[in-house]
1. Testing ARG410 on (1) loosely packed, with under 15 Cβ neighbours inside 10 Å; (2) within 17 Å of the chain's Cα centre (by Cα), one condition comes back false. Which one is that?
2. Would you confirm whether any residue within region 494-515 is within 15 Å of ligand 1 (Cβ to nearest atom), among the β-branched types (Val, Ile, Thr), closer than 23 Å to SER182 by Cα and under 24 Å from the mean Cα position of the chain (by Cα)?
3. Examine region 435-443 for a residue that is within 14 Å of ligand 2 (Cβ to nearest atom) and out of contact with any Lys or Arg (no Cβ under 9 Å at 6 or more places or on another chain), and state whether such a residue exists.
4. Does at least one position in region 232-250 carry a residue that is closer than 25 Å to GLY448 by Cα and away from ligand 1 (no atom under 16 Å from the Cβ)?
5. Being out of contact with any Ser or Thr (no Cβ under 8 Å at 6 or more places or on another chain), β-branched (Val, Ile, Thr) and in a helix (DSSP H, G or I) is the filter; apply it to region 353-406 and report the residue that is modelled with the lowest pLDDT.
6. GLU344 versus (1) closer than 22 Å to GLY524 by Cβ; (2) modelled with pLDDT under 95; (3) away from ligand 2 (no atom under 16 Å from the Cβ): which is the lone unmet condition?
7. What residue, of SER398, SER456, is of a type outside the set (Asp, Glu) and in contact with a strand residue (DSSP E or B) (Cβ under 9 Å, 6 or more places away or on another chain)?
8. Can you name the residue in region 270-315 that is of a type in the set (Ser, Thr, Tyr) and crowded, with 17+ Cβ neighbours inside 10 Å and is also farthest from ligand 2 (Cβ to nearest atom) among such residues?
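The values are calculated or read from the model by the stated rules, or taken from the named source; none is laboratory data. What you see is a predicted model, and the numbers here were worked out from it, not measured in a lab. All Cβ positions, glycine included, derive from the backbone under ideal geometry; neighbour counts span all protein chains shown.
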Amino acid sequence: MPVSSGVAHAAVHVVRDHFDEPEETTIGPQEVETELARFRAAIESTRCEIEELKRIIEKESSEGSGNGEIFETHLLILEDASLLNQVERRVRTELVNVDAAYYGLMTKHMVALRGLSDPYLRERYLDIKDVRKRMMRHLRGEHRAETTFEHEVIIVAHDLTPSDTVQLDRSKVLGFAIETGSANSHAAIIAKSLGLPAVVRLHGICDVLHSGDSVLLDGHEGLMILNPTADTLARYRIREEQAERQEDMFLSRRHEPATTRDGKTIRIGANGEFLEELDIIKDSGAEEVGLFRTEFLYLENPEATEQMLAEAYTEIVWGLAPRLVVFRTLDLGGDKLDPLLAEEPEPNPFLGWRGIRVSLGRREFFKRQLRALLRAGAHGRVGVMFPMVSGVEEVRQSRELLLQCGEELRAQGVPVADEVEVGAMIEIPSAAMIADLIAGDVDFFSIGTNDLIQYSLAVDRVNERVADLYQPTHPALIRLIAHVMNASHEKGVPVGICGEMAADVALTPLLVGLGLDELSVAAGQVARVKHAVRLLDAAECKSLVRQARALSTAAEILELSRGHAMERYPELFA
Ligand code: PEP
Ligand code: MG
């Protein structure tokens, strides 16, 4: 499945799961329950992972091939009661940390099996090793060490979490090829932001490929070609040249505003994550940064001081001046695991301690970021927006802290922004439903459709199994967005969209018709979206939305919008 367009040709680097042997430490008696809870959570995550693999293998191999049996064995090993009891006993009675207790026992069993003469049983040691590897990864919150490369590479991995991505030497990365994943995972979003091709759901590639293999990655079609021939490379070169010529058509007007044929101007912003994107954003034609995801700078250096953060944010503000930069305060949790949070894995992280909940739960930590943002605001136009808002109190408390930080800094004589615009993300249905109540406390809203879709439809945005149900044009979504638009516009609060939906030109007629004031998209999509807006008529789009609201399925609404889009700008679908 292609998730970010473009073509790359390079050697692959296969990211393998690895871990160091855990050190045995003594824990305090009061830590026993937390340690065991962490153990149970890791078992649960490992179980889900194995079941998912089993399902994929069974689906892909012919019926009755028994290919899923190996994972049955892994589940039996994972859930073996006597093993689990032994681990628990060691933790409780000997006060040994759970990583070492589990690792030690599994290793003992592996060694015992390896010494057996029966070849079948001897082979089973590999199964124990596999389960041990998965468990250790979950116990450690999937944290991997920094990876650097000598040459340009295409990254091949089973899965790639945002924390893995920040640990890569991105200056050498030309593309991503992932076994699992979805278009809305943060790994895919990062690939789009960096303008790199990415293909997900390439099941089995980690077993087939080895670091150094030469491949061609096609992010348009969702293909990976091993050892491409000279003919194939030549064919791709011609295709790329054609695509570039076509892009020139709308790239030439990228710095002009996006105004519909009947005169409605929609601000087109870019989303950003890393300092190295500043030039790409500046050149993209973006009029502002509608969403700067600050988590990635944080994950690169969780220990950064207020001074270091203020310097990084100032570099962004300066680099993009005179554009407004809307920084989103940390949205840790979900698939963006913080090493600190990872110590206490949650069974359901997307519904857990995430976004503004983490920030408000660690006030000094939150204030460090707010103070740094206010300091950066002294050097250019800064907006601050809060993620994962579920109700009015979170916005008021956050705003209150922001005010407090401003006063403290001024009292210390530190230059701060005279004014920052404050916004809330609408990502949770409760916030969408009470947009009118939140409107009094904010200057703007930004709808995070990536999450609003997952929370409204109860569809995990990174779970392949339910990817078909992840439908941006579900009638419930259209109603929710329409509700937010009416409620906010009545109170004079502008609304943007910064989720991936904003960049889908098949949906631009709907979004224009719904009355969005701003669309913030990956830098590489800015020129395309501007081109689409210019060829639409806002009044016509409004009546299209009226028609859409009478339709009852996501497919019908998508068809209606796409049909209109293809009539207006067929060149974007070529
Ligand atoms: C969203 O949810 O749409 C959004 C923009 O935030 P993120 O993708 O970082 O969760
Ligand atoms: Mg979100």
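1. Single failed check for ARG410: (2).
2. Step one: of region 494-515, the residues within 15 Å of ligand 1 (Cβ to nearest atom) are 495-504, 507, 511.
Filter once more, keeping what is among the β-branched types (Val, Ile, Thr): 495, 497.
From what is left, the residues that are closer than 23 Å to SER182 by Cα are 497.
Now restrict to residues that are under 24 Å from the mean Cα position of the chain (by Cα): 497.
Checked against the condition, which is being within 15 Å of ligand 1 (Cβ to nearest atom), among the β-branched types (Val, Ile, Thr), closer than 23 Å to SER182 by Cα and under 24 Å from the mean Cα position of the chain (by Cα), region 494-515 yields at least one hit.
3. Keep residues of region 435-443 that are within 14 Å of ligand 2 (Cβ to nearest atom), which gives none.
No, region 435-443 contains no residue that is within 14 Å of ligand 2 (Cβ to nearest atom) and out of contact with any Lys or Arg (no Cβ under 9 Å at 6 or more places or on another chain).
4. no
5. VAL358
6. So the condition that GLU344 fails would be (1).
7. SER398
8. This residue is THR314.
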